[in-house]
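Some notes on the structure that comes next.
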Amino acid sequence: QETFVFNKDKTITNGVVGVTLNSDNLIVHTGFGFNWQGIGKIMRVTKAKDNIVYEIDGKNAVDIYRYYFGDVIADSLPAVGIEFPLILKKEIEIARAVIGKNSDGSLVFAGNLKVGDRVQFGFGNVEAILSKSEELIKNCGRKPIESIFIYSCMARRRFLGEKIKYEIEPFAQIAPVNGFFSYGEFFTYGDGELFNQAMTILGLSETEDRE
């Protein structure tokens, strides 16, 4: 219901923490894993404001879920929102998870959508997600990385359950790992994106040598 930013001195309900790393010798490697699969037709958002979607393909947002998935799924929103996110079809695919349902049939998403956006329903296959993550791990293993920061979505954590360790632990064989689970992950791609249900990687090194 509510999140906090805190340190040893105070707690605030509306704030951010920023960290910068500045060095002429720092080598930075970034990457991300998503790997939810698209299903069904590609639709268009026809009425939306910020992160609230009122209509998709001219139909009430909840009714779109009801039409394709049935009453049980539609009535269970937003609880099943992480299982069937909308995938925003851009140069890279980005998930938008349902986090709220309003009385007028509109849906609240963990990230903005705008009128005209092309979207498709997505679903998660645990084995496929973990298989794709192996490619990211192998790619990091070929880089000169001395430290790894992993920022993974809480929705991904909940969906994968105990198997989340199979996605994260292998990175520790490359370099020491730190990070946390978050509610959305920023990633610099073009103008920058806010991801949902993704895992982002920040690899750092002060040398080109790989051990």
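Give me the percent of the accessible area of the stretch 91-180 that comes from carbon and sulfur atoms, probe 1.4 Å, all protein chains in place. Before the final figure, lay out the partial values.
Values: 2210 of 4500 Å².
Accessible surface attributable to carbon and sulfur in the stretch 91-180 totals 49 percent.
Between Lys89 and Arg118, Val119, Gln120, the built amide H atoms are under 5 Å apart, and every one of these is 5 or more places off in sequence or on another chain.
Of the cross-linked pairs Lys8/Lys163; Lys47/Lys89; Lys138/Lys163; Lys47/Lys90; Lys47/Lys101, which ones have a Cα-Cα span greater than 27 Å in the structure shown? Violating the 27 Å limit, Cα to Cα: Lys8/Lys163. In sequence order, the stretch 56-71 has phi-based couplings of 10, 6, x, 10, 3, 4, 5, 5, 5, 5, 5, 5, 8, 10, x, 5 Hz under the Karplus curve 6.51 cos²θ - 1.76 cosθ + 1.60, θ = phi - 60°, and Gly or Pro positions carry x. Surface exposure of the chain, expressed per residue as accessible area with a 1.4 Å probe, stands at 59 Å². Rounded to the nearest 20 debye, the dipole size of the chain about its Cα centre is 560 debye, using +1 on the Cβ of Lys and Arg and -1 on the Cβ of Asp and Glu. Checking the a/c ratio against 1.5 first, then a/b against b/c, what shape does the Cα gyration tensor give for the stretch 78-155? The shape class here is prolate. Each residue of the stretch 176-181 was assigned a 3J(HN,Hα) from its phi angle through the Karplus expression (A = 6.51, B = -1.76, C = 1.60, θ = phi - 60°), giving x, 10, 9, x, 6, 8 Hz with x at Gly and Pro. Averaging Cα coordinates gives a centre for the stretch 1-46 and one for the stretch 70-104; these two points are 19 Å apart. With every protein chain in place, what's the accessible area of Met199 (1.4 Å probe, Å², nearest 10)? For Met199, the solvent-accessible surface is approximately 0 Å². On the beta carbon distance between Asn102 and Leu21, with R0 = 30 Å, the FRET formula returns roughly 0.15. In the stretch 129-196, the inverse of the mean reciprocal separation of distinct Cα atoms equals 12.9 Å; this is its Kirkwood hydrodynamic radius.
The values are calculated or read from the model by the stated rules, or taken from the named source; none is laboratory data. Being a predicted model, the structure only gives us computed values, none of them experimental. With ideal geometry, Cβ positions are generated from the backbone for all residues, glycine too; neighbour counts draw on all protein chains shown. Just the protein is used for accessible areas: all its heavy atoms, side chains included, with ligands, DNA and RNA removed. Shrake-Rupley method; radii C 1.70, N 1.55, O 1.52, S 1.80 Å.
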